Amino acid sequence: MDILNSYNKDQIDVINIIKDLCKSCNIKAYIVGGAVRDSILGKSTKDIDICINKDPKIVIDNLSFVKKYEYHSQFQTSTIEFNNGIVIDLIRCRKETYEKNGSLPIVEPSCIEDDLFRRDFTINSLAYDIINNEIIDLFNGLLDLRNRKLKKIHSNSYAEDPTRIFRAIKYSVRYGLELQDKNEIIRSINKGDINTISSDRIIKELFLMCGEDNWIENLALCNELGVLKLETHFLGIENCLGSYEDINLRTLNIFYSLRDEKYIDIFINNSFLDKDLKKSIKYYYYNKDKIVDLLMKAMDNYEICSVLKNIDLYALMILCWNTELKYKIINYVYKLKEVKLHINGEHLSKLGINEGKNIGRILKFIMKLKLNTGIKDDKKYLVDNLGEIIKCL
């Protein structure tokens, strides 16, 4: 089987450059993982990983046609961008061992057999030998692809690395595969295996799920298996302040749908999410009861603005899913937020109002009137009605 048929000319040109160089240096080279899987499924791929049985620096130092590259000596991995725009990850075949469940693996150079064994699922453990033009399938990944099944490779897989639970859900939904390990995943979750990995790793996997076309189905399956406790009817509901093309909005939607204090804490306390997103989540969580109460009591536009004026867009997006508050928030964002006074203390001083307290009270009165009645020219209104305003105040 020649998987290269599904690659474009630029990709094949780059693979051939690496192939020729490896062949001349007696280095074994393999396309591995998702690039092989997707090719067999007839899908195009941008992410091509090539494993070799030597230090990639040997190849990089002799490559031509390279625009730039990054090399990490600790793990002997590299990312190479070629002059035609193609990016390849060139990495050394490696073996991984875990000191304890949930820990990051200890990595050491090894052979292709060990490299394929360390992978998560049989369909991802396929390799294509670019020197000999043949598929390497040690764990029946081709058969599982044909039978539309997703299964782990080794017995302790989900306890050893619980992030594989998230990836199992993601791949089964993405490719329409039957999740063979469903009962084992449920047992792993019930045992608390996910608690052995950091908040950052959990949030990263959920964020990657949000990047999938079928992100809602991913989250619904997370709920079904007990990974998350979600109010699934909130998933994907309309938000008039943003589009679900934005992965951050999808992430906020998970947070809003959560009914699990442990995961709420994970969303608040991690270093993976964008800092503004995390700040908004934290602000909303600790202030939502107060904000909701004040908004429910707000009887006019001025009061709405007083409650919402210091709240950022992400937090407003979360609040917008509350159907009782939705129209007040939309009114604020698309109309009231832009309302500004065209007068200031200097205008009032010129009209003979010099005491700071009175200046503040008058400006507040005009702003309230402008928001609630829609007066257009606040300068003219002030001049025409100054005496009456002072009398009222």
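Coordinate-derived values only; no laboratory data. Predicted, not measured: the structure shown is a model, and the values here were computed from it. Positions of Cβ are backbone-derived with ideal geometry, glycine not excepted, and every protein chain shown enters the neighbour counts.
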The chain, Gaussian network, Cα under 10 Å: of Y332, Y381, Y285, the residue fluctuating most is Y381
For region 57-213, what is the charge dipole size about the Cα centre, in debye to the nearest 20, if Lys and Arg each add +1 at the Cβ and Asp and Glu each add -1 at the Cβ? 360 debye
Which residue fluctuates most in the GNM of the chain (Cα springs below 10 Å): C320, C25, C222? C25
Give me the number: length gained by fully extending D47 to D246, i.e. 0.36 nm times residue separation minus the C-alpha to C-alpha distance, one decimal in nm. 69.4 nm
Cα-based Rg / Dmax (Å) for region 1-145: 14.8, 44
Once fully extended, how much extra length lies between K309 and I264, figured as 0.36 nm per residue of separation less the alpha-carbon to alpha-carbon distance? 13.7 nm
Could you state the per residue volume, in Å³, of the convex hull enclosing the Cα atoms of region 240-393? 141 Å³
Label model pair T232, K282: point-to-point distance (7 angstrom along the Cα→beta-carbon line) in nm is 3.3 nm
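Taking region 345-392, how much of its Cα-Cα pair set, in percent, is spaced more than 12 angstrom apart? Present the calculation step by step, with values, prior to reporting the outcome.
Details: 691 of 1128 pairs.
In whole percent, the share of Cα-Cα pairs in region 345-392 beyond 12 Å is 61.
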So which of K23/K100; K278/K357; K46/K170; K170/K229; K67/K151; K335/K364 end up more than 27 Å apart by C-alpha? K23/K100; K278/K357; K67/K151
Quick numbers on the chain, Rg and Dmax over C-alpha atoms in Å, give 29.3, 95
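Using only the Cα atoms, what convex hull volume per residue in Å³ does region 297-385 have? Display every interim value, and only then the final one.
Values: hull volume 9.2 nm³, N = 89.
That works out to 104 Å³ per residue.
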State, to one decimal in nm, how far the label point of D129 lies from the label point of D200, with both points 7 Å from Cα in the Cβ direction. 3.9 nm
Using only Cα atoms and rounding to the nearest 10 degrees, what angle (0 to 90) does helix 275-297 make with the longest principal axis of the chain? 40 degrees
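Using Cα-Cα distances under 8 Å and only pairs 6 or more residues apart, what relative contact order does the chain have, in percent?
9 percent
Suppose every K and R has +1 on its Cβ and every D and E has -1 on its Cβ; what is the size of the dipole of the chain about the Cα centre, in Debye to the nearest 20?
1380 debye
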Select from I60, Y263, N344 the residue farthest towards the positive end of the dipole of the chain; place +1 on Cβ of Lys and Arg, -1 on Cβ of Asp and Glu, and compute about the Cα centre. N344
Cα gyration tensor shape for region 32-114, rounded if a/c is under 1.5, else prolate or oblate: oblate
Shape descriptor, region 277-338: equivalent ellipsoid semi-axes (Cα gyration tensor, sqrt 5λ, whole Å, largest first) stand at 17, 13, 10
If you line up the Cα atoms of region 113-182 on their principal axes, what length do they span on each, largest first, in Å? 36, 25, 16
After finding the eigenvalues of the alpha carbon gyration tensor for region 182-251, what semi-axes result from the square roots of 5 times each, listed largest first in whole Å? 24, 14, 10
Assign unit charges at the C-beta atoms only (+1 for Lys and Arg, -1 for Asp and Glu), then state the dipole size of region 324-393 relative to its Cα centre in Debye, rounded to the nearest 20. 220 debye
Would you compute the Debye intensity of region 147-263 from its alpha-carbon atoms alone, equal scatterers and no solvent, and pass along log10 I(q)/I(0) at q = 0.15 Å⁻¹ to two decimals? -0.65
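Figure the gain on full extension for S24 and E108 (residue separation times 0.36 nm, minus the Cα-Cα span) and round it to one decimal in nm.
27.7 nm
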